Amino acid sequence: MPYAYDAQNIFARILRGEIPNKTVLETAHTLAFHDIQPQAPVHVLVIPKGAYVSYDHFASEATDAEIVDFNRTVAEVCRMTGVHLGSGEGFRAITNAGAHGVQEVPHYHLHILGGRPLGRMLARSES
Ligand code: AMP
């Protein structure tokens, strides 16, 4: 079954310029911007400009150029925000998908979180 993309989701509207964002980096295929409700001192969302719902959708259907551009942008965001392991203290990259992943915005996005110790990835009780 094909992935259903909602063109009215808030990140699609950001990409169309209908809603402002605090851009960290923009490239040919990718946009990185600050999360509106940061959960850590560094909380950046990296999104493809293409209409992809989730990580698996992007990974299976994006072009090689989009995938390379996305990953290079993630690396550059980590460098720009100071969390990369070259000189920083590290980060967590999270992507939520669908109901069980508790995805709020149905446009693929990778959260880059850092700037403080982040604790365990999941509470043990949630297993
Ligand atoms: P998720 O639950 O993985 O779908 O995460 C959606 C994220 O988008 C949340 O962390 C929100 O704070 C963030 N968010 C929602 N609206 C905006 C917006 N207009 N600008 C930036 N971040 C947003």
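Read the figures in this text as sums done on the coordinates, not as results from a lab. Predicted model only: the values in this text are computed from it and were never measured. Cβ: placed from backbone, ideal geometry, glycine included. Neighbour counts: every protein chain shown.
Okay, here's what the table says:
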{"quantity": "Restricting region 38-57 to residues that are under 16 Å from Ala93 (Cα atoms) and without any contact (Cβ under 8 Å) to a residue 60 or more places away in the chain, the residue that is surrounded by the most Cβ atoms within 10 Å (Cβ to Cβ)", "calculated": "Ser54"}
{"quantity": "Output for region 25-37, where each listed residue is among the hydrophobic types (A, V, I, L, M, F, W, C) and either surrounded by fewer than 20 Cβ atoms within 10 Å (Cβ to Cβ) or within 16 Å of Tyr3 (Cβ to Cβ) (or both)", "calculated": "Leu25, Ala28, Ile36"}
{"quantity": "Which listed residue is under 19 Å from Gly50 (Cα atoms), small (Gly, Ala, Ser) and either out of contact with any Asp or Glu (no Cβ under 6 Å at 6 or more places or on another chain) or within 10 Å of the ligand (Cβ to nearest atom) (or both), from Ala93, Ala97", "calculated": "Ala97"}
{"quantity": "From the options Phe70, Phe33, residue that is closer than 28 Å to Gly115 by Cα, within 14 Å of the ligand (Cβ to nearest atom) and outside any loop (DSSP other than H, G, I, E, B)", "calculated": "Phe33"}
{"quantity": "Residue, farthest from Asn9 (Cα to Cα), within region 89-112, restricted to residues that are outside any helix (DSSP H, G or I) and small (Gly, Ala, Ser)", "calculated": "Gly90"}
